[in-house]
Amino acid sequence: MSGNCDIGLIGLAVMGENLVLNMESKGFSVAVYNRTSAVTDKFAQGRAKGKNIVPSHTLEDFVGSLKRPRKAQIMVKAGAAVDAVIDQLVPLLEPGDIIIDGGNSLWTDTQRREHALAEKGIRYFGVGVSGGEEGALKGPSIMPGGSKEGWEFLAPIYTKISAHVDGESCCRYMGADGAGHYVKMVHNGIEYGDMQLICEAYSILKNLLGLDAAELGRIFTEWNGGELNSYLIEITSRIFSKTDPETGTPIVDLIVDRAGQKGTGKWTVGHAVEMGVPLSTISAAVEARILSSLKEERVLASKQLAGPAAHPYTGDRQELINAVRDALYASKIVSYAQGFVQLGAAAKVYGWALNFGDIATIWRGGCIIRAHFLNRIKQAYELNPALKNLLLDPYFSGILAKTQEHWRTAVSAAVLNGIPVPAFGASLAYYDSYRAARLPANLLQAQRDFFGAHTYERLDKPAGEMFHTEWMQ
């Protein structure tokens with residue numbers, strides 16, 4: 001027997017609830033289930049009251065309320081909890097039905113689940129959803145991965161509930177099995193990089209120029225009106241304007257400098273290393289979070305480890321502010337470039353036909369890294385789908401050429417004054433390394449050949465011909 005609900009959702013935490021309300025507001029009937037019945041009842045009697053939302057207290061009733069092919073989205077904690085729900089759902093489903101994981105699952109788990117369920121005739125989708133609580137309610141960026149045949153049943157729902165920019169849905173089919181979750185993972189890695197770069201810009205302005213929260217808020221508001229226009233710059237400007245009612249102090253100045261993370265950034269960096277893809281900006285951002293967590297050690301070290309003699313900035317203050325802005329913009333370009341290179345490498349490994357123009361399109365709205373310059377990234381890949389690196393696009397190479405003097409000024413000023421800028425520095429080092437026709441790796445190869453007879457190639461011989469030197473003779 002088939003029910004009347006267009007889609008069902010399991011897991012009524014805030015993200016799950018907001019997605020349900022989003023779907024219902026777009027004209028879809030939604031079945032809901034939560035392991036704890038009290039949570040289901042609270043939602044049904046509260047935010048869902050009077051809406052086309054059907055609560056269930058058992059999975060049997062939940063599945064029975066769905067139209068065929070049944071579409072059940074899971075919104076629970078990644079890992080074992082997802083497998084547990086799948087195991088409970090499968091006996092209740094039939095071939096052709098669709099299970100969707102909308103959490104931040106590891107893409108290899110998604111691949112494993114998709115392959116196992118395909119043998120039972122059940123379609124499985126790993127769907128990356130970005131935008132936080134507000135995005136889930138009003139329109140997120142959605143990155144679906146799974147069978148192309150199954151996508152036709154999900155597309156009418158997800159393209160409608162996603163964010164829209166210039167009339168285009170921020171949801172496109174990414175590819176088979178784990179493609180959607182992989183793209184979401186890299187999105188999160190870029191998010192790590194973006195956030196760390198903004199923090200380093202803040203640190204230079206605060207520590208070198210002594211700017212207070214109000215001044216910083218004005219600067220970031222101004223930046224958001226230009227090329228740096230983005231969600232993260234916008235919320236940063238708002239953060240600086242928020243004052244603690246108890247003390248009258250800007251809240252940002254009261255927050256402990258110990259950053260948390262849920263793991264997607266580490267997954268991104270780990271797989272980049274595994275594939276041999278340089279990911280220096282995001283790697284620096286992940287390491288910066290880890291270092292920040294060593295708060296007690298850092299406090300002790302600050303009393304024992306000497307820094308440089310102060311080099312107060314005596315130049316034009318606005319000039320340094322402009323330099324920091326340009327360093328942030330240039331480094332941001334590098335971070336996105338590295339992310340897209342990683343996506344390209346993974347597409348080759350797993351046989352995914354990732355469309356970079358589509359990815360840039362769906363990241364323009366709804367998601368945390370949405371930014372105006374994603375329009376330029378979209379254009380770059382539409383102009384040249386085979387572009388090896390975003391830095392080689394004429395528009396972006398022109399921006400980097402124009403900003404690099406300021407970029408170097410900002411990094412130099414920070415280093416001279418002992419202000420850590422790991423992501424700024426890593427981005428600049430990547431740019432300089434990538435544009436270098438010759439790197440000192442020739443000496444490294446000589447060292448490897450010296451102690452391990454690993455051999456080397458020669459500039460004056462055909463590529464691929466290997467040589468070894470008896471260095472001690």
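The values are calculated or read from the model by the stated rules, or taken from the named source; none is laboratory data. None of the values given here were measured: they were computed from a predicted structure. Counting neighbours? That spans all protein chains shown, and the Cβs are built from the backbone with ideal geometry, glycine included. The accessibility values were calculated without ligands, DNA or RNA, using every heavy atom of the protein model including side chains. Shrake-Rupley method; radii C 1.70, N 1.55, O 1.52, S 1.80 Å.
Restricting region 35-57 to residues that are in a loop (DSSP other than H, G, I, E, B) and farther than 16 Å from residue 7 by Cβ leaves a set whose member that is most open to solvent (accessible area, probe 1.4 Å) is 35. Do we have any residue at all in region 457-465 that's at pLDDT 95 or above and open to solvent by less than 40 Å² (accessible area, probe 1.4 Å)? Looking through region 457-465, none of the residues is at pLDDT 95 or above and open to solvent by less than 40 Å² (accessible area, probe 1.4 Å). Among the residues that make up region 147-166, is at least one of them in contact with a Cys (Cβ under 7 Å, 6 or more places away or on another chain), at pLDDT 95 or above, open to solvent by less than 20 Å² (accessible area, probe 1.4 Å) and assigned to a helix (DSSP H, G or I)? Yes, some residue in region 147-166 is in contact with a Cys (Cβ under 7 Å, 6 or more places away or on another chain), at pLDDT 95 or above, open to solvent by less than 20 Å² (accessible area, probe 1.4 Å) and assigned to a helix (DSSP H, G or I).
Among residues of region 283-312 that are within 27 Å of residue 430 (Cβ to Cβ), those with a Cβ under 7 angstrom from a residue that is surrounded by fewer than 12 Cβ atoms within 10 Å (Cβ to Cβ), sequence gap 6+ or separate chain, pair up as 292/257.
Summed over region 179-201, the residues that are surrounded by fewer than 21 Cβ atoms within 10 Å (Cβ to Cβ) and within 18 Å of residue 413 (Cβ to Cβ) give a count of 1. Apart from one condition, residue 125 fits all of (1) open to solvent by 10 Å² or more (accessible area, probe 1.4 Å); (2) closer than 20 Å to residue 352 by Cβ; (3) at pLDDT 95 or above; the exception is (1).
Being closer than 30 Å to residue 393 by Cα, of a type in the set (D, E, K, R), open to solvent by 70 Å² or more (accessible area, probe 1.4 Å) and in contact (Cβ under 8 Å) with a residue 40 or more places away in the chain holds for only one residue in 317, 325, and it is 325. If you go through region 327-379 and pick out every residue that is small (Gly, Ala, Ser) and in a loop (DSSP other than H, G, I, E, B), you end up with 4.
In region 1-34, the qualifying residues are those that are of a type in the set (Gly, Ala, Ser) and not in a strand (DSSP E or B), and the one that is farthest from residue 93 (Cα to Cα) is 25.
Here the condition is being closer than 23 Å to residue 147 by Cα and among the polar types (S, T, N, Q); of 355, 384, 322, 375, it holds for 355 alone. For region 77-122, a tally of residues being touching a residue at least 40 places away in the same chain (Cβ under 8 Å), open to solvent by 40 Å² or more (accessible area, probe 1.4 Å) and outside any helix (DSSP H, G or I) returns 2. Residue count for region 266-317 satisfying the condition of being assigned to a helix (DSSP H, G or I) and among the hydrophobic types (A, V, I, L, M, F, W, C): 15.
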